[in-house]
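K.L.:
Supplied in structure tokens, the structure appears directly below.
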Amino acid sequence: MSDTPRVGVVTFPGSLDDRDALHAIEAMGGEGVALWHADHDLREVDAVVLPGGFSYGDYLRCGAIAARAPLMAEIRAFADRGAPVLGICNGFQILCEAGLLPGALIRNASLRFVCEDVWLRVETSQSCVTAGLVPGETIEVPVKHGEGQWVATPEQLERVEGEGLVVFRYADAAGELGDDFNPNGATNHIAGVRNAAGNVVGLMPHPEHAVDPDVGPTGGQSLFASLFEATLAEATA
């Protein structure tokens with residue numbers, strides 16, 4: 001593998017942040033690789049991003065149809081061998097529907113679409129997007145979703161909290177938690193979770209919209225930098 005990580009971004013029918021994710025990857029020094037949902041070829045990428053949007057029109061449930069797309073079989077095998085997979089917004093919904101992450105995403109508690117910049121408190125450095133971050137620090141990124149309220153069964157929630165699978169929580173700039181800082185009513189203010197190995201991460205906020213200082217916050221830069229480092233670690237493992 002070269003020093004430039006190849007990061008695949010999957011396009012599903014209804015994806016709308018796939019090009020933004022490719023742009024962010026390239027702006028951060030990676031090589032963006034466009035992947036198509038109906039294929040069976042990951043094109044030798046080092047990491048995969050499932051982007052935001054409305055895959056298959058959000059019919060049935062958000063992400064339910066996309067979770068059964070042909071390419072997801074390859075992505076599941078890719079994740080099973082420890083390679084980095086990041087799901088953003090609709091991509092998070094897809095990972096939950098596919099059973100690669102715990103919980104589910106339902107309608108915002110307000111029953112309204114939210115679009116605003118939020119602060120996230122980092123809960124762990126044991127993930128493919130937070131290895132370069134310190135638990136307790138905060139980053140600013142935007143959200144834009146109508147069904148971003150993370151929920152789980154009591155058993156799932158106990159496991160997620162007990163095993164440290166929470167990656168991000170909605171907070172204020174100082175890291176304090178509160179309903180005023182939770183844009184969708186997510187359980188325990190959870191904005192993102194990981195699998196047990198830490199190589200699969202999903203979050204509702206959009207780090208790909210937070211890399212360019214000319215257009216907004218830059219909290220996404222550290223996430224992509226960590227993702228790139230994870231590709232190097234996985235390649236040499």
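K.L.:
Sort out which residues of the range 65-101 are in contact with a Ser or Thr (Cβ under 7 Å, 6 or more places away or on another chain), under 23 Å from Ala152 (Cα atoms) and not β-branched (Val, Ile, Thr), and write them in order of number.
P.N.:
Across the range 65-101, the qualifying residues are Ala66, Asn90.
K.L.:
Would you mind finding the one in Gly175, Gly148, Gly192 that is at positive phi and at pLDDT 95 or above?
P.N.:
Gly175 is the lone residue from the list that is at positive phi and at pLDDT 95 or above.
K.L.:
Does the range 15-36 contain any residue that is among the acidic types (Asp, Glu) and touching a residue at least 60 places away in the same chain (Cβ under 8 Å)? Spell out how you get there, then give the answer.
P.N.:
The first filter runs over the range 15-36 and keeps only residues among the acidic types (Asp, Glu), leaving 17-18, 20, 26, 31.
Checking the rest, the ones that are also touching a residue at least 60 places away in the same chain (Cβ under 8 Å) come to 17, 20.
Yes: one or more hits.
K.L.:
Considering only the range 26-83, state which residues are at pLDDT below 95, of a type in the set (D, E, K, R) and at positive phi.
P.N.:
Matches in the range 26-83: Asp58 only.
Per-residue answers, yes or no, for (1) open to solvent by 20 Å² or more (accessible area, probe 1.4 Å); (2) in contact with a helix residue (DSSP H, G or I) (Cβ under 7 Å, 6 or more places away or on another chain); (3) in contact (Cβ under 8 Å) with a residue 40 or more places away in the chain:
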residue: His145; (1), (2), (3): no, no, yes
residue: Ile190; (1), (2), (3): no, no, yes
residue: His206; (1), (2), (3): no, no, yes
residue: Gly220; (1), (2), (3): no, yes, yes
residue: Ser226; (1), (2), (3): no, no, yes
residue: Leu232; (1), (2), (3): yes, no, yes
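K.L.:
When you go through (1) in contact with an Asp or Glu (Cβ under 7 Å, 6 or more places away or on another chain); (2) touching a residue at least 40 places away in the same chain (Cβ under 8 Å) one by one for Ala196, which number turns out not to apply?
P.N.:
(2)
K.L.:
Mind checking whether some residue in the range 18-26 is open to solvent by less than 20 Å² (accessible area, probe 1.4 Å), part of a loop (DSSP other than H, G, I, E, B) and either within 28 Å of Glu229 (Cβ to Cβ) or hydrophobic (A, V, I, L, M, F, W, C) (or both)?
P.N.:
Checking the range 18-26: not a single residue is open to solvent by less than 20 Å² (accessible area, probe 1.4 Å), part of a loop (DSSP other than H, G, I, E, B) and either within 28 Å of Glu229 (Cβ to Cβ) or hydrophobic (A, V, I, L, M, F, W, C) (or both).
K.L.:
Restricting the search to the range 95-126, which residues are within 22 Å of Glu44 (Cα to Cα) and either of a type in the set (Lys, Arg) or buried (at least 24 other Cβ atoms within 10 Å of the Cβ) (or both)?
P.N.:
Within the range 95-126, just Leu95 meets the criteria.
K.L.:
Given the residues Gly52, Gly63, Gly91, Gly87, which is the only one that is closer than 24 Å to Gly175 by Cα, open to solvent by less than 10 Å² (accessible area, probe 1.4 Å) and within 15 Å of the chain's Cα centre (by Cα)?
P.N.:
One residue alone meets the criteria, Gly87.
K.L.:
Against the conditions (1) outside any loop (DSSP other than H, G, I, E, B); (2) crowded, with 21+ Cβ neighbours inside 10 Å; (3) more than 17 Å from the chain's Cα centre (by Cα); (4) not small (Gly, Ala, Ser), where does Val45 fall short? Just the number, please.
P.N.:
Checking Val45 against (1) outside any loop (DSSP other than H, G, I, E, B); (2) crowded, with 21+ Cβ neighbours inside 10 Å; (3) more than 17 Å from the chain's Cα centre (by Cα); (4) not small (Gly, Ala, Ser), the one that fails is (1).
The values are calculated or read from the model by the stated rules, or taken from the named source; none is laboratory data. Every value quoted in this text rests on a predicted model; they were computed, and no experiment measured them. No Cβ is skipped: glycine too gets one built from the backbone with ideal geometry, and neighbour counts run over all protein chains shown. Surface areas here come from the heavy atoms of the whole protein model, side chains and all, with no ligands, DNA or RNA. Shrake-Rupley method; radii C 1.70, N 1.55, O 1.52, S 1.80 Å.
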